[in-house]
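Step one of this worksheet: look at the structure below.
Every read-out reported here was derived from the displayed coordinates using simple, explicitly stated rules and does not represent laboratory data. Just so it is clear, the model here is predicted, and its values are computed rather than measured.
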Amino acid sequence: MIATNKYERMMLIQAVFVCGAIEIQIICFSFLSKLVVKLADREVEILVNIFINCY
């Protein structure tokens, strides 16, 4: 029973890290890319789209 609780806790910690990474990816690619395009010229939009499509 104790070993099962340990593995369940480890699985929950792993799920937190995975979900956190997905959230950070969404924030970076959705919002920060639009901010970069607004701050820079229109030519940067092409580079940002290429970068986003690589992931």
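May I ask you to evaluate 6.51 cos²θ - 1.76 cosθ + 1.60, the Karplus curve with θ = phi - 60°, for each residue of region 21-32 and list the ³J(HN,Hα) values in order in whole Hz, giving x for glycine and proline?
5, 5, 4, 4, 4, 5, 5, 5, 7, 7, 9, 5
Can you quote the Å³ per residue value for the convex hull of the Cα atoms in the chain, rounded to an integer?
On the way: hull volume 3.2 nm³, N = 55.
Cα convex hull per residue, to the nearest whole number: 58 Å³.
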